[in-house]
Amino acid sequence: MTEVGDVLPELRIEATPTFVVSTALATRDFQDVHHDRDLAIAKGSKDIFVNILTDTGLVQRFVSDWAGPDALVKSISIRLGVPCYAYDTLVFSGSVLSVEGDDVTVSVIARGQLGDHVIGTVVISGVTA
Amino acid sequence: MTMPAEFFETVEKIKAMGESGPRAARDPVNLPMINNWTEAIGDANPRYTGPDAEAPPAMIQVWTMNGLHGSRSADDPLGLMMAELDARGFESVVATNCDQVYHRRLRLGERLTVTTKLETVIGPKTTGLGEGWFVTTRNIWYSGEEPVAEMVFRVLKFKPAPKAPPVEPVRVTRPMISLDTRFFWDGTQAGELRIQRCPACGTLRHPPGPMCPSCGHESPEYVVASGRGEIFSYVVHHHPAVPGKKLPIVIALVELEEGVRMLGELLDCDPAEVSIGSPVTLALTRIDDDLTLPFWRLASPNDQRRLP
């Protein structure tokens with residue numbers, strides 16, 4: 001039975017250059033800052049960095065890995081913090097904020113070397129965790 | 001910065017346009033693109049595989065991305081609003097929020113379209129990045145006529161704040177000079193390295209203090225040191241930064257010929273060549289009219305001269 005305060009298993013993502021590029025392309029995001037280091041640096045970034053569509057995907061994976069395959073993700077809200085540059089490691093942590101009927105709201109934080117990369121909430125139903 | 005009335009008129013005009021015309025996804029919801037996505041994201045959820053696969057909800061925006069050679073349509077409210085703010089000097093952009101709601105599961109073969117409308121433009125706001133405007137849009141994805149997902153997306157359009165001028169490096173950290181230590185700093189000014197001495201019992205002491213630790217006498221005098229000694233101990237300082245210093249530096253505890261020990265920086269040395277017992281000589285360095293600091297150097301073998 002899911003209860004407020006339940007803690008999700010941690011998820012670590014090594015944001016290698018291959019990860020940054022392959023997720024950017026798999027999300028059909030061809031902005032150069034996600035795959036071309038020279039241009040990313042020329043535009044003032046430290047390196048290529050993870051795109052937003054990937055953040056949303058990772059948050060979903062983190063929560064649905066815990067919730068089980070029968071769960072239905074109803075919404076994902078994320079606030080974007082510091083960038084996640086190539087060679088960073090993202091650590092996802094989360095806990096159950098509220099349970100209303102079948103709907104479970106989970107708070108999620110993904111932290112990298114520079115600080116909080118993503119802070120968000122996910123509403124999911126059919127949780128079997 | 002206050003915006004002219006025309007800016008707000010433009011905002012209202014773009015808002016009044018409502019939803020842009022629907023833009024069609026390049027491909028129907030399909031398994032190969034889902035496979036590419038789950039492979040890259042690392043998501044092993046079995047619902048996203050096989051002939052009855054459903055699309056990962058978080059993939060919603062992927063279906064309608066503009067693609068490698070795409071561009072925004074002319075009536076795209078976000079594009080229009082970005083252009084308006086660009087023209088007024090708010091040329092930088094950073095996304096701040098992305099809130100997606102999924103109304104139902106999506107199946108293979110569904111053909112999606114997306115619309116965009118401008119929700120709010122709020123500013124000017126002073127942020128850590130600079131002054132800017134928060135622009136919020138709403139995308140709605142449709143399968144046929146049925147809305148299947150929505151996204152509220154917020155960006156900050158800003159003028160980068162001018163960089164703070166670099167902090168002027170100071171050459172030295174100035175000593176706190178007290179009644180007890182005044183004679184020492186007067187000494188360095190005069191070209192002497194002075195050591196406190198108790199007139200009652202003759203004990204030398206450093207650092208200076210008001211009272212002799214051996215006999216308790218309270219009126220110290222001083223002697224002038226030779227300026228020669230050897231390294232009793234030392235550290236190589238790599239971190240943290242020290243104002244006006246190029247690191248690493250060597251800080252030595254020098255045992256003077258006279259017997260007391262004194263801390264000081266060892267100038268112009270290769271840390272690898274420093275060792276305990278190395279002979280050193282005083283290097284008084286004039287900083288300005290009010291301050292001369294004692295530093296040390298490794299002594300050359302024939303360095304026998306006395307100071308000053």
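Do we find that residue B:110 is open to solvent by less than 50 Å² (accessible area, probe 1.4 Å) and either in a loop (DSSP other than H, G, I, E, B) or of a type in the set (Val, Ile, Thr) (or both) in this structure?
Judged against the criteria, residue B:110 is a match.
Among the listed residues B:183, B:134, B:153, identify the single one that is open to solvent by less than 40 Å² (accessible area, probe 1.4 Å), part of a strand (DSSP E or B) and either of a type in the set (Phe, Trp, Tyr) or modelled with pLDDT under 95 (or both).
B:153
When you go through (1) open to solvent by less than 30 Å² (accessible area, probe 1.4 Å); (2) farther than 25 Å from residue A:3 by Cα; (3) touching a Cys at 6+ places or on another chain (Cβ under 8 Å) one by one for residue A:80, which number turns out not to apply?
For residue A:80, the exception is condition (1).
Residue B:120 is checked against (1) within 14 Å of another protein chain (Cβ to nearest Cβ); (2) in contact (Cβ under 8 Å) with a residue 12 or more places away in the chain; (3) open to solvent by 20 Å² or more (accessible area, probe 1.4 Å) and fails just one. What number does that condition carry?
Just one mismatch for residue B:120, condition (1).
Identify all residues within region B:29-44 that are open to solvent by 20 Å² or more (accessible area, probe 1.4 Å), part of a loop (DSSP other than H, G, I, E, B) and not polar (S, T, N, Q); write none if there are none.
B:42, B:44
Can residue B:102 be described as within 12 Å of chain A (Cβ to nearest Cβ), over 17 Å from residue A:28 (Cα atoms) and touching a Lys or Arg at 6+ places or on another chain (Cβ under 9 Å)?
yes
Have a look at A:91, A:20, A:4 and point out the one that is β-branched (Val, Ile, Thr), within 16 Å of the chain's Cα centre (by Cα), surrounded by fewer than 16 Cβ atoms within 10 Å (Cβ to Cβ) and more than 7 Å from chain B (Cβ to nearest Cβ).
A:91
Report the residue count in region A:94-122 for those that are touching a strand residue (DSSP E or B) at 6+ places or on another chain (Cβ under 8 Å) and within 22 Å of residue B:95 (Cα to Cα).
Going through region A:94-122 one residue at a time, the tally reaches 15.
Does region B:187-214 hold any residues that are open to solvent by 70 Å² or more (accessible area, probe 1.4 Å) and part of a helix (DSSP H, G or I), and which are they?
B:189
Restricting attention to region B:45-99, report how many residues are assigned to a loop (DSSP other than H, G, I, E, B) and either within 14 Å of chain A (Cβ to nearest Cβ) or under 30 Å from residue A:69 (Cα atoms) (or both).
Qualifying residue count for the region: 18.
Against the definition (within 13 Å of chain B (Cβ to nearest Cβ) and out of contact with any His (no Cβ under 9 Å at 6 or more places or on another chain)), how does residue A:106 come out, yes or no?
no
Among the residues of region B:52-66, are any on the phi > 0 side of the Ramachandran plot and either modelled with pLDDT of 95 or more or out of contact with any Asp or Glu (no Cβ under 7 Å at 6 or more places or on another chain) (or both)?
no
Tell me, please, whether a residue that is within 13 Å of the chain's Cα centre (by Cα) and either of a type in the set (Val, Ile, Thr) or open to solvent by less than 50 Å² (accessible area, probe 1.4 Å) (or both) can be found in region A:34-51.
yes
Among B:35, B:45, B:97, B:66, which is the only one that is more than 25 Å from residue A:79 (Cα to Cα) and among the polar types (S, T, N, Q)?
When all the criteria are applied, what remains is B:35.
Report yes if residue A:37 is within 26 Å of residue A:129 (Cα to Cα) and touching a residue at least 40 places away in the same chain (Cβ under 8 Å), otherwise no.
Numbers: within 26 Å of residue A:129 (Cα to Cα): no; touching a residue at least 40 places away in the same chain (Cβ under 8 Å): yes.
The answer is no for residue A:37.
What is the one condition in (1) at the interface with another protein chain (Cβ under 8 Å from one of its Cβ atoms); (2) open to solvent by 20 Å² or more (accessible area, probe 1.4 Å); (3) at pLDDT 95 or above that residue A:59 does not satisfy?
The number of the failed condition is (2).
The values are calculated or read from the model by the stated rules, or taken from the named source; none is laboratory data. This structure is a prediction, so every number in the text was calculated from the model and none was measured. Don't worry about glycine lacking a Cβ; one is built from the backbone with ideal geometry, like all the others, and counts go over all protein chains shown. SASA here: full protein model, heavy atoms, side chains in, ligands and nucleic acids out. Shrake-Rupley method; radii C 1.70, N 1.55, O 1.52, S 1.80 Å.
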